[in-house]
Amino acid sequence: MRSTLRRILSSTLAAGFIAMIAAAPARAQEAPYRFDLGADLGMCGYLGEASSSIFSHPGFTADAAMRYIPNARMAFRGIVSVQGISGTTAGMANVLPDMAAYDFTATVAALDLRYEFNFLPYGIGETYKRLSRWTPYLTLGVGVSMSSSGGSTAAAPILPMGAGVKVKLRKRLNFNAEFTMTKAFGDRLDGDRLHDLNQIKTEFYRSTDWYARLTIGVSYEFGERCATCHYVD
């Protein structure tokens, strides 16, 4: 389980960086619109000291997002999200000091900026542009989160990473499904009681908290580009 999760995370990061490097010098078709606004709903899970698996205690997540679309192969996306996470140490294989059991519920708000790389030139247009009405994509970003649990609050930098698929429903209307894992560089998303329970440094994937999001959503594009440019002497 641990080695598999490490391989998945390292592969996602490596693929994301490779995709970004490969996309940077490439000449891509311009997208017909510069921006889109969207919203997503889905399921959220937690991975930390009080979790045996990511979705053992699923919660609700929602977000609002805006994209800047420089061309058909990439986008920059700002996201404001909220998620409910929970967990318990009851029934876990690890035994805590004094046989104690802990549980928590928390609300996590996050703001992050992500880069998206489309594997296919995404859009609807003339056939010579070779645009595709669907594409898988990778996403990687940075941000900050604020967690509230048991009367305490804590902030932490975050690193969201994931993959998804986009589908053109109409010229301006998009559907997307996405899975992301978010690394929080702090150990208090689940409250103060669960911070460093064993006073032992553990693996990277458990030494601080994570949360996962599985979402679906829609977005609407706007800000039409000039389709034809005329030179006037």
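The values are calculated or read from the model by the stated rules, or taken from the named source; none is laboratory data. All figures in this text were calculated on a predicted structure; none of them were measured in a lab. Quick reminder, even Gly has a Cβ in these numbers, built from the backbone with ideal geometry, and neighbours come from all protein chains shown. The accessibility values were calculated without ligands, DNA or RNA, using every heavy atom of the protein model including side chains. Shrake-Rupley method; radii C 1.70, N 1.55, O 1.52, S 1.80 Å.
With respect to the conditions (1) under 26 Å from ARG225 (Cα atoms); (2) at pLDDT 90 or above, ALA156 lacks only one, and its number is (1).
Any residue at all in region 212-219 that is modelled with pLDDT under 95, of a type in the set (Lys, Arg) and either assigned to a strand (DSSP E or B) or touching a strand residue (DSSP E or B) at 6+ places or on another chain (Cβ under 8 Å) (or both)? No, region 212-219 contains no residue that is modelled with pLDDT under 95, of a type in the set (Lys, Arg) and either assigned to a strand (DSSP E or B) or touching a strand residue (DSSP E or B) at 6+ places or on another chain (Cβ under 8 Å) (or both). Checking each residue in region 49-93 for being open to solvent by less than 30 Å² (accessible area, probe 1.4 Å), within 22 Å of LEU113 (Cβ to Cβ) and in a loop (DSSP other than H, G, I, E, B) picks out only ALA72.
Conditions tested, residue by residue: (1) under 17 Å from the mean Cα position of the chain (by Cα); (2) under 28 Å from PRO32 (Cβ atoms); (3) part of a loop (DSSP other than H, G, I, E, B); (4) not charged (D, E, K, R).
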position: THR107; (1), (2), (3), (4): yes, no, no, yes
position: TYR115; (1), (2), (3), (4): yes, yes, no, yes
position: LEU120; (1), (2), (3), (4): no, yes, yes, yes
position: THR139; (1), (2), (3), (4): yes, yes, no, yes
position: ALA155; (1), (2), (3), (4): no, no, no, yes
position: LEU159; (1), (2), (3), (4): yes, no, no, yes
position: ALA163; (1), (2), (3), (4): yes, yes, no, yes
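Taking each residue of region 158-184 that is of a type in the set (Val, Ile, Thr) and looking for partners that are outside any strand (DSSP E or B) with beta-carbon atoms closer than 8 Å, six or more apart or interchain, yields ILE158/PHE185; VAL167/ARG133. ALA177 satisfies every condition listed in (1) open to solvent by 10 Å² or more (accessible area, probe 1.4 Å); (2) modelled with pLDDT under 90 except (2). For SER148, the test of being modelled with pLDDT under 95, open to solvent by less than 70 Å² (accessible area, probe 1.4 Å) and in a strand (DSSP E or B) is passed. Any residue that is touching a strand residue (DSSP E or B) at 6+ places or on another chain (Cβ under 8 Å), polar (S, T, N, Q) and at pLDDT below 95 - is there at least one of those in region 121-133? Yes, some residue in region 121-133 is touching a strand residue (DSSP E or B) at 6+ places or on another chain (Cβ under 8 Å), polar (S, T, N, Q) and at pLDDT below 95.
Being in contact with a Pro (Cβ under 9 Å, 6 or more places away or on another chain) and either outside any loop (DSSP other than H, G, I, E, B) or at pLDDT 95 or above (or both) is the requirement here; does GLY45 meet it? Step through it out loud before you land on a result.
Values: in contact with a Pro (Cβ under 9 Å, 6 or more places away or on another chain): yes; either outside any loop (DSSP other than H, G, I, E, B) or at pLDDT 95 or above (or both): yes.
Yes, satisfied.
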